[in-house]
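The values are calculated or read from the model by the stated rules, or taken from the named source; none is laboratory data. Treat the numbers as computed from the prediction; the structure is a model and nothing was measured. Neighbour counts run over all protein chains shown; Cβ positions are idealised from the backbone, glycine included.
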Amino acid sequence: MRHVPSAALAFLLCLFAAVGAAQVSAQQNGAQADEGVVVELFTSQGCSACPPADELLARLAQRPGVIALALHVDYWDYIGWRDRFAKPKFSARQKAYARAEGSRSIYTPQMIVAGTHRVEGLRPMDLADLILEEGRRPPQVEWQLKRSGSMLEIHIEAEPPLEGDVLVELVRYRERETVDIRAGENAGRRVTYHNIVTAWTTLGEWSGSGTIAFHVRAEGEEPIVVLVQEPGPGRILSAARLR
């Protein structure tokens, strides 16, 4: 497996220290949720170019100020290895991102930062710059997330109001799983995947004005991410997580 270049990794570590400092400040001011910049990785167990990006996402997953999510796509399954984490809806989400920017092509691995910046292949320096750029944006909403048994209470407030209608979405993910790949382009490899998205659900639309609340079922112990995203899909304006 090709590893992330050491110089790029050192820069990433410095970056996350800066982004994490802002996150700690928010927690000290009474925030009930862990906020961060959302990085979506579209990946596949059947893609030979993906393991280095999977490794990079694993490092992102450990850093404060970043909410790293791995969405496994199913269009590599035809090569001979079925990715059991893959869902057609994740492939559809990646295609929707492409359509939103006027593109007809999709690529793996691909990372999308905050719903708007596309990073194809392994480009850690570009990725670091984009995360830092998004991490410096002032908060647009205030979060309150509270878990009680199998139920989740969500309160989101925007003051001043957001510029337009947005979607409120709920994401669940599995933190870690190791897979022995026995066929396809990665045959013979053992890969440990991190922050594997298992469910992505739209809770509802919001005008982006005042306060909106949801009371939803969230069974199991998988971490929870709630995000506010412009339709399209477009920019992710804010995201919060409960582990």
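Filter the stretch 218-243 down to residues that are in contact with a strand residue (DSSP E or B) (Cβ under 7 Å, 6 or more places away or on another chain) and without any contact (Cβ under 8 Å) to a residue 60 or more places away in the chain and give me whichever is farthest from Val166 (Cα to Cα).
By that ranking, first place goes to Glu222.
When the residues of the stretch 212-243 are filtered to those that are farther than 11 Å from Leu170 by Cα and of a type in the set (Val, Ile, Thr), which remaining residue is farthest from the chain's Cα centre (by Cα)?
Ile212
Out of all the residues in the stretch 203-211, is one or more among the polar types (S, T, N, Q), under 22 Å from Pro88 (Cβ atoms) and over 12 Å from the mean Cα position of the chain (by Cα)?
Kept after step one, since they are among the polar types (S, T, N, Q), are these residues of the stretch 203-211: 207, 209, 211.
Those still in the list that are under 22 Å from Pro88 (Cβ atoms) too: none.
Within the stretch 203-211 (the criterion being among the polar types (S, T, N, Q), under 22 Å from Pro88 (Cβ atoms) and over 12 Å from the mean Cα position of the chain (by Cα)), the answer is no, since none of the residues qualifies.
Looking at the stretch 193-217, which of its residues are out of contact with any helix residue (DSSP H, G or I) (no Cβ under 7 Å at 6 or more places or on another chain), more than 26 Å from Gly149 (Cα to Cα) and hydroxyl-bearing (Ser, Thr, Tyr)?
Those that are out of contact with any helix residue (DSSP H, G or I) (no Cβ under 7 Å at 6 or more places or on another chain), more than 26 Å from Gly149 (Cα to Cα) and hydroxyl-bearing (Ser, Thr, Tyr): Ser207, Ser209.
Name the residue, out of Ser103, Ser150, that is hydroxyl-bearing (Ser, Thr, Tyr), touching a residue at least 24 places away in the same chain (Cβ under 8 Å), surrounded by fewer than 19 Cβ atoms within 10 Å (Cβ to Cβ) and over 16 Å from Ser44 (Cβ atoms).
Numbers: Ser103 fails: touching a residue at least 24 places away in the same chain (Cβ under 8 Å).
From the options Ser103, Ser150, the qualifying one is Ser150.
Only residues that are in contact with a strand residue (DSSP E or B) (Cβ under 6 Å, 6 or more places away or on another chain) and either in a helix (DSSP H, G or I) or not acidic (Asp, Glu) (or both): list them for the stretch 119-141, please. Please lay out each step first, then the result.
Step one: list which residues in the stretch 119-141 are in contact with a strand residue (DSSP E or B) (Cβ under 6 Å, 6 or more places away or on another chain), which gives 119-120, 126-127, 130-131, 134-135, 140-141.
Val119, Asp126, Leu127, Leu130, Ile131, Glu134, Gly135, Gln140, Val141, listed by residue number.
Is it fair to say Thr116 is exposed (fewer than 15 other Cβ atoms within 10 Å of the Cβ), out of contact with any Asp or Glu (no Cβ under 6 Å at 6 or more places or on another chain) and among the β-branched types (Val, Ile, Thr)?
Numbers: exposed (fewer than 15 other Cβ atoms within 10 Å of the Cβ): no; out of contact with any Asp or Glu (no Cβ under 6 Å at 6 or more places or on another chain): yes; among the β-branched types (Val, Ile, Thr): yes.
Against the criterion (exposed (fewer than 15 other Cβ atoms within 10 Å of the Cβ), out of contact with any Asp or Glu (no Cβ under 6 Å at 6 or more places or on another chain) and among the β-branched types (Val, Ile, Thr)), Thr116 does not qualify.
If we scan the stretch 78-90, do we find a residue that is more than 18 Å from the chain's Cα centre (by Cα) and in a helix (DSSP H, G or I)? Can you show your working first?
So in the stretch 78-90, the residues more than 18 Å from the chain's Cα centre (by Cα) come out as 78-84.
The next check asks that each one be in a helix (DSSP H, G or I); those that pass are 78-79.
Looking through the stretch 78-90, at least one residue is more than 18 Å from the chain's Cα centre (by Cα) and in a helix (DSSP H, G or I).
Within the stretch 12-55, work out how many residues are hydroxyl-bearing (Ser, Thr, Tyr), within 19 Å of Tyr97 (Cβ to Cβ) and either in contact with a Leu (Cβ under 9 Å, 6 or more places away or on another chain) or at pLDDT below 95 (or both). Break it down stepwise before answering.
Filtering the stretch 12-55 for residues hydroxyl-bearing (Ser, Thr, Tyr) gives 25, 43-44, 48.
Now drop any that are not within 19 Å of Tyr97 (Cβ to Cβ), which leaves 43-44.
Still in the list and also either in contact with a Leu (Cβ under 9 Å, 6 or more places away or on another chain) or at pLDDT below 95 (or both): 43.
Qualifying residue count, the stretch 12-55: 1.
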